[in-house]
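The values are calculated or read from the model by the stated rules, or taken from the named source; none is laboratory data. Everything quoted here is computed from the prediction, not taken from an experiment. Counting neighbours? That spans all protein chains shown, and the Cβs are built from the backbone with ideal geometry, glycine included. Ligands, DNA and RNA are excluded from the accessible area calculation, which covers all protein heavy atoms including side chains. Shrake-Rupley method; radii C 1.70, N 1.55, O 1.52, S 1.80 Å.
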Amino acid sequence: MPTFDVVSEVDMQEVKNAVDQASREVTTRFDFKNTDSSIELSGQEINLHSSTEDRLKALVQVLEEKLVRRQVSLKSLDQGKVEEAAKASVRQTITIRAGIDADRAKQINKHIKDLKLKGVSSSTQGDQVRVQGKKRDDLQAAIASLKGADFGIPLQFQNFRD
């Protein structure tokens, strides 16, 4: 019986490279001089720090440009609120989400069920969703439908087996 897995993964090496590039650009750009702006990656979090809220927004924009250029989906970023920090500066934490949580897995399962494709079923397995069906064409239709739907996270399709 043909199957495939729906997953939501982020290439952390690409995120690290994007953060390094953004940090390098911030140190050389004229509009960031004397603003004490910084971008740091620690685990699954990106910490942004700057002197004013406007510079912080520009910092986020630089980071997003670098992430998009490295094909990291912005849907995997969960931006925290802007907080006041010491010496009249501001900071923000951006969390990187990987994996499909239980609520989104339910949404994906419901979406697949609503397609009413004959013989296609789905089940949640940890942080991924396994879809199985009798016909390969039905599974390809399910993939096309999932690509068209917006679940708020980037989706990848792996392990397509006949």
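How large is the charge dipole for region 1-79, taken about the Cα centre, if only the Cβ atoms of Lys, Arg (+1) and Asp, Glu (-1) carry charge, to the nearest 20 debye?
Dipole about the Cα centre, nearest 20: 280 debye.
Measuring with a 1.4 Å probe in the full set of protein chains, what accessible area per residue, in whole Å², belongs to region 1-159?
Averaged over the residues of region 1-159, the accessible area is 58 Å².
With labels modelled as points extended 7 Å from the Cα through the Cβ direction, what inter-label distance (nm, one decimal) is found for THR3 paired with ALA149?
About 2.0 nm, to one decimal.
In whole percent, what relative contact order does region 21-154 give with Cα contacts below 8 Å and a gap of six or more residues?
17 percent
Does a label point 7 Å from the Cα of LYS16, set along Cα-to-beta-carbon, have any residues of region 46-72 with amide nitrogen under 16 Å, and which are they?
46-47
How much of the accessible area of region 10-59, in percent, comes from carbon and sulfur atoms when a 1.4 Å probe is used?
Roughly 46 percent, rounded to a whole number.
How many angstrom separate the Cα center of region 48-71 from the Cα center of region 74-145?
The two parts, judged by their Cα centres, are 25 Å apart.
In deg cm²/dmol, rounded to 500, what helix-only [θ] at 222 nm does the chain give when every DSSP H run of at least 4 residues adds -39500 (n - 2.57) and the total is split over its residues? Before the final figure, lay out each step's value.
Working: 4 runs with 60 residues, N = 162.
Counting only the DSSP helices, I get -12000 deg cm²/dmol.
Report the charge-dipole magnitude of region 1-155 in Debye, nearest 20, computed about the Cα centre from +1 at each Lys and Arg Cβ and -1 at each Asp and Glu Cβ.
Numbers: 25 positive and 24 negative charges, 142 e Å.
So the magnitude is around 680 debye.
Which three numbers, in whole Å and largest first, are the semi-axes of the equivalent ellipsoid of the chain derived from its Cα gyration tensor as √(5λ)?
40, 15, 11
With angles folded into 0 to 90 degrees, how steeply does helix 12-28 sit against the dominant principal axis of the chain? Use alpha carbons for both and round to 10.
Its long axis makes an angle of about 20 degrees.
Can you tell me the relative contact order of region 84-162? Whole percent, Cα pairs under 8 Å, sequence separation 6 or more.
The normalised contact order for region 84-162 reaches 22 percent.
Put +1 on the Cβ of every Lys and Arg and -1 on every Asp and Glu Cβ in region 18-162; which of SER123, ILE96, SER37 then has its Cα farthest towards the positive end of the dipole?
Of the candidates, SER123 comes out farthest on the positive side.
Give the residue list of trypsin sites (Lys or Arg not before Pro) in region 61-162 that are DSSP loop and have at most 12 other beta-carbon atoms within 10 angstrom.
LYS81, LYS116, LYS118
Helix 136-148: angle to the longest alpha-carbon principal axis of the chain, degrees 0 to 90, nearest 10?
Rounded to the nearest ten degrees, it is 30.
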